[in-house]
Amino acid sequence: CSGRSIIATTWNEPFSTNEAWRVLKSTDDPIEAVVEGCSYSERIQSRGTVGYGGSPDENGETTLDAMVMDGLTLDVGCVGALREIKDVTKVAKMVLKHTEHSLLVGELATDFAVKMGFKRETLQTEKSLEMWRKWKDEQNRLPNFWKNLPADQQKRAAANLADSHDTITMIAMNQLGRVAVGCSTNGLKHKIPGRVGDSPIPGSGAYADDEVGGAGATGNGDILMRFLPSFHMVELMRNGMKPSEAAEHVMKRMKKHYPEARGAVLGLSISGEFGAACTGYECFEFVVRRENDEDSVLYKVPCI
Ligand code: SD4
């Protein structure tokens, strides 16, 4: 089976992908690979949209969402609206490995993480607080901004809130064809405190099944989660569709109902084929690392 190992990652994330590849090569464990890859992205605060110090909520606080899924057991570990712990994907791994549960949220997820040995520390930085103060200031100058917009414009504005935010979602397959997925995000900027996006929702942010492959999504999570795009994509691949066709089918479904919303889905089949589709963005980029490549390779797909 040599040569089956592969990592596919949403957006132009070569460094995190290479870190995941390093771990995959040394452990042959796809779960460890996606956990370390996503954690790398959190530590370098990729695009300001993964990890601490980004996307402050209405109160100025950064909270984090993440998921890890094992395609062999179909077991998941998810964390939503995690406060004051930087290593959110590692906490999700603890939920996967050390509990019978699937999803922990908020302050009590923080308590769990602290019991598991994680350090409690602020997720705000000078930069995230400055971003929040600026937004707050704008809000004060525009009282009732949302209320005064006609309904269709409110819908459009909500869809466009996703314009600058991205999730890292990573799909890894090892030599034996075992698949795992991981994703991590600090969610939507200026969200209502308590909001959880699609990333820690199994089947929405990501999904893996060793019989078929894996998929992951990025974009406006409030809209994406209404379609379970990752689960849908895996099921279409199970029924024989190529990843690129499956991705397009899934994104077309979302576009039909929410033409303005931004979203992308990326999938990998156990035969090593991969594909993606997006809507609402100009284009969608993803990177893939494979056995015979010396580095991660960047791909771009135009939106449907
Ligand atoms: C969310 N889907 O929380 C995440 C963020 C994201 O591209 O992917 N943005 O809505």
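The values are calculated or read from the model by the stated rules, or taken from the named source; none is laboratory data. Everything quoted here is computed from the prediction, not taken from an experiment. Note: ideal-geometry Cβ built from the backbone for every residue, glycine included; neighbour counts use all protein chains shown.
Among the residues of the stretch 94-115, which ones are small (G, A, S), touching a residue at least 40 places away in the same chain (Cβ under 8 Å) and closer than 18 Å to V35 by Cα? Explain how you work it out, then say what you get.
Narrowing the stretch 94-115 to residues small (G, A, S): 102, 106, 109, 113.
Keeping just the survivors that are touching a residue at least 40 places away in the same chain (Cβ under 8 Å) gives 102, 106.
Passing the criteria: only S102.
Across the stretch 248-261, which residue is nearest to M233 (Cα to Cα) among those that are touching a helix residue (DSSP H, G or I) at 6+ places or on another chain (Cβ under 7 Å) and within 16 Å of the ligand (Cβ to nearest atom)?
Let us first name the residues in the stretch 248-261 that are touching a helix residue (DSSP H, G or I) at 6+ places or on another chain (Cβ under 7 Å), namely 249-250, 254, 258, 260-261.
From what is left, the residues that are within 16 Å of the ligand (Cβ to nearest atom) are 250, 254, 258, 260-261.
Numbers: V250: 6, M254: 12, Y258: 18, E260: 21, A261: 18 Å.
Per the stated criteria, the residue is V250.
Got at least one residue in the stretch 80-97 being surrounded by fewer than 18 Cβ atoms within 10 Å (Cβ to Cβ) and not aliphatic (A, V, I, L, M)?
So far as the stretch 80-97 goes, yes, one or more of its residues are surrounded by fewer than 18 Cβ atoms within 10 Å (Cβ to Cβ) and not aliphatic (A, V, I, L, M).
For K86, work out the one condition from (1) over 20 Å from the mean Cα position of the chain (by Cα); (2) in a loop (DSSP other than H, G, I, E, B) it doesn't fulfil.
That leaves (1) as the condition not met.
Quick check on this structure: which one of S39, S102, S16, S5 is more than 23 Å from E130 (Cβ to Cβ), buried (at least 20 other Cβ atoms within 10 Å of the Cβ), in contact with a Cys (Cβ under 8 Å, 6 or more places away or on another chain) and of a type outside the set (A, V, I, L, M, F, W, C)?
On the way: S39 fails: in contact with a Cys (Cβ under 8 Å, 6 or more places away or on another chain); S102 fails: buried (at least 20 other Cβ atoms within 10 Å of the Cβ); S5 fails: in contact with a Cys (Cβ under 8 Å, 6 or more places away or on another chain).
So the residue among S39, S102, S16, S5 that is more than 23 Å from E130 (Cβ to Cβ), buried (at least 20 other Cβ atoms within 10 Å of the Cβ), in contact with a Cys (Cβ under 8 Å, 6 or more places away or on another chain) and of a type outside the set (A, V, I, L, M, F, W, C) is S16.
Considering only the stretch 262-286, state which residues are more than 15 Å from the ligand (Cβ to nearest atom) and acidic (D, E). Explain how you work it out, then say what you get.
Step one: list which residues in the stretch 262-286 are more than 15 Å from the ligand (Cβ to nearest atom), which gives 267-275.
If the condition is that a residue be more than 15 Å from the ligand (Cβ to nearest atom) and acidic (D, E), then E273 is the only one that fits.
In the stretch 4-26, how many residues are in a helix (DSSP H, G or I), away from the ligand (no atom under 16 Å from the Cβ) and not acidic (D, E)?
As a first pass, look at the stretch 4-26 and keep what is in a helix (DSSP H, G or I): 14-26.
If we keep only those that are away from the ligand (no atom under 16 Å from the Cβ) too, we end up with 14-15, 17-26.
Next cut, not acidic (D, E) only: 14-15, 17-18, 20-26.
Residues that pass the stated criteria total 11.
Testing D209 on (1) under 19 Å from T17 (Cβ atoms); (2) touching a residue at least 60 places away in the same chain (Cβ under 8 Å); (3) under 18 Å from the mean Cα position of the chain (by Cα), one condition comes back false. Which one is that?
Unmet condition: (1).
Among residues belonging to the stretch 177-192 that are at pLDDT 95 or above and in a loop (DSSP other than H, G, I, E, B), point out the one that is nearest to the ligand (Cβ to nearest atom). Don't jump to the end; show me each part of the working.
So the first thing to find is which residues in the stretch 177-192 are at pLDDT 95 or above, and the list is 177-185.
Among the residues that remain, those that are also in a loop (DSSP other than H, G, I, E, B) are: 177-178.
On the way: G177: 27, R178: 25 Å.
So the residue we want is R178.
Considering only the stretch 252-304, give the strands (runs of 3 or more DSSP E) lying wholly within it that have at least 1 residues that are farther than 26 Å from G240 by Cβ. Spell out how you get there, then give the answer.
Details: elements: 263-269, 274-279, 283-290, 297-302.
It comes to 283-290, 297-302.
Looking only at residues that are in contact with a strand residue (DSSP E or B) (Cβ under 6 Å, 6 or more places away or on another chain) and under 17 Å from I6 (Cβ atoms) in the stretch 247-271, which one is surrounded by the fewest Cβ atoms within 10 Å (Cβ to Cβ)?
I270
A quick yes/no check of all residues on (1) on the phi < 0 side of the Ramachandran plot; (2) of a type outside the set (V, I, T); (3) touching a Phe, Trp or Tyr at 6+ places or on another chain (Cβ under 9 Å):
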position: P30; (1), (2), (3): yes, yes, no
position: E42; (1), (2), (3): yes, yes, yes
position: G54; (1), (2), (3): yes, yes, no
position: V68; (1), (2), (3): yes, no, no
position: V79; (1), (2), (3): yes, no, yes
position: T89; (1), (2), (3): yes, no, no
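Could you please give the count of residues in the stretch 49-73 that are at pLDDT 95 or above and either among the aliphatic types (A, V, I, L, M) or touching a strand residue (DSSP E or B) at 6+ places or on another chain (Cβ under 9 Å) (or both)?
10
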